[in-house]
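S.K.: Just passing along the structure, written as C-alpha cells.
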Amino acid sequence: MKKIITIIGARPQIIKAAAISRAIKNNFSDQIQEIIVHTGQHYDENMSSIFFDELGIPQPDFNLQVGSGSHGQQTARILEGVEKLIESEKPNGIIIYGDTNSTVAAALAAGKLHLPIFHIEAGLRSFNKAMPEEINRILSDHISTLLFCPTQTAIDNLKKEGFSLENNFKATIDKPHTYLCGDIMFDNSLHFSNISDQKASILEVEGLKNETFILVTIHRNANTDEATRLNAIFNALNYIQQVTNFTIVLPIHPRTKKMMELLLNDQNKNLVYSNPKFKIIPPAGFLDIIALEKNAELIITDSGGLQKEAYFFQKPCVILRPETEWVEIVQNGNAIVTDSDETRIVEAANKLLVKKDYTFPNLFGDGKASEFILEKIIETLS
C-alpha cells in the first residue's frame, strides 16, 4: 500500500481531486492510501467546503488554514505546513494540480525533502511571466518526477524546455517521465454531466429555464483590480446585453464583487445593478456551473477551467485574457482571445454568436486520465 498526499487549495483543484479520489475508491483502494491536504488558500465556505459535499470528495485529512496574504506570505505558510506533514506522515509521493501558490509551495516542500512529485496539468504555458501562475507552473514542472500533460501542446512545451519524452528509465527529479494523459477535467465533466441534469436547480431558482443567456465569470486580479480594465469589460457586457437582449449571468467571485463596488464607474453600476437582464448571483456549485455552461449561448470568462469546459459542452467562448494556455480551442475556432479590450470583446461575441460551423475534435483525451495517472504513479513507486 502506497501513501500519497494530495494537495488542494483552490476551487478548481478541489474539483480535479474528485476525479483522482473517485478512481482510487473504484479501482486502486487496495494499492493507494490517499491523504487529502487542504491548504486553505480558498477559505470562503461557498468557494470551498460546498464542493467537497457536492462532489462526494472525502473531507480533507488536514487543513492548513493559511488564508489570504501576499504571494510570499501565502506560499511560505503553505510550504511550512506541507513540510511538517511530509515529515510526520512519511508519504511515498505527493500529487499537485495546476499552477496556484498551493501547487508551487507543496512542490518546493516535497522536492527539498526528496519526495516524488506528481504534477497533474504539467506543461501548460501562457508565455507571460507577469502572471504568477506561469511562474508557479514552470517551477513545479522542473522539480517533478512525473509530468502528466493534458494536451499535445503541453507535451510540445516541455520538449522545447529540454524535457525528454523517453520514459525507458527510472523516473527521478533529475530525469522525470512525461506523459500525455488527457485532461482530468474531461473525466469530471463526463462523470458529472448527467448528475447535473438530475440535481442542479440553478436554472429554475434563477428563472433561467426558458431564458437565452450568456454566462460570464471574472476573477483574475489583472481584470478585477484595475478600474480601466474592469470598466472596459462591463462596458462591453452592457453593450452585448442591449444588442442581443440576452440575459447576462454572472456568478460572482467574492473578490470580484468587492472590486466591482469599489471600481465600477457610476454608469456601469447603474446599468449592472438596475438592469433585470443582468443576473449577479452567488458563487455556483460545480453541478450548477455545468448546468449554466450546458445551457448558455456563449461563455465569456478569464478562467482557464471554464475555457475548457465551454469546449467540453460545445459552447463558444470569449477569453478575457491576453493569452491562453488552451491554444487548441482558439486554433480550432471555438474561442477568441480578447483581453479586456472593449471593442475586441464585442466583436468576438458577435462573431461567435453568429458562427454556425463549429467542430469539436477530441483534443482532451478519452475521459480516463485519472486511471492512467494512478497506474503510472503505482508503477513508479513499485
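The values are calculated or read from the model by the stated rules, or taken from the named source; none is laboratory data. Just so it is clear, the structure is predicted and the values come from calculations on it, not from any experiment. Here the Cβ is made from the backbone with ideal geometry for all residues, glycine too, and neighbour counts use every protein chain on show.
S.K.: Within the stretch 322-342, which residues are out of contact with any Lys or Arg (no Cβ under 7 Å at 6 or more places or on another chain) and touching a residue at least 40 places away in the same chain (Cβ under 8 Å)?
M.R.: Passing the criteria: 322, 323, 324, 327, 328, 341, 342.
S.K.: Kindly provide the set of residues from the stretch 323-382 that are among the aromatic types (Phe, Trp, Tyr) and surrounded by fewer than 20 Cβ atoms within 10 Å (Cβ to Cβ), ordered by number.
M.R.: Hits for the stretch 323-382 are 358, 360, 372.
Matching residues to (1) in a helix (DSSP H, G or I); (2) among the charged types (D, E, K, R):
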site	(1), (2)
197	yes, yes
203	yes, no
258	yes, yes
261	yes, yes
273	yes, no
276	no, no
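Yes/no matrix, rows are residues, columns are (1) under 17 Å from the mean Cα position of the chain (by Cα); (2) among the basic types (Lys, Arg); (3) buried (at least 21 other Cβ atoms within 10 Å of the Cβ); (4) in the same structural domain as residue 13 (by TED's automatic domain parsing):
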| site | (1), (2), (3), (4) |
| --- | --- |
| 123 | yes, no, yes, yes |
| 127 | no, no, no, yes |
| 132 | yes, no, no, yes |
| 154 | yes, no, yes, yes |
| 195 | no, no, no, no |
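S.K.: Mind checking which helices (runs of 4 or more DSSP H) fall wholly inside the stretch 1-100 and carry at least 2 residues that are over 18 Å from residue 255 (Cβ atoms), modelled with pLDDT of 90 or more and not assigned by TED's automatic domain parsing to the domain that holds residue 196?
M.R.: Where helices (runs of 4 or more DSSP H) fall fully within the stretch 1-100 and carry at least 2 residues being over 18 Å from residue 255 (Cβ atoms), modelled with pLDDT of 90 or more and not assigned by TED's automatic domain parsing to the domain that holds residue 196, they are 11-23, 71-89.
S.K.: Determine if the stretch 303-310 includes at least one residue that is in the same structural domain as residue 238 (by TED's automatic domain parsing), outside any helix (DSSP H, G or I) and of a type outside the set (A, V, I, L, M).
M.R.: yes
S.K.: While we're here: Of all residues in the stretch 134-146 being aliphatic (A, V, I, L, M) and within 17 Å of the chain's Cα centre (by Cα), which is surrounded by the most Cβ atoms within 10 Å (Cβ to Cβ)?
M.R.: So, considering only residues that are aliphatic (A, V, I, L, M) and within 17 Å of the chain's Cα centre (by Cα), the one surrounded by the most Cβ atoms within 10 Å (Cβ to Cβ) is 138.
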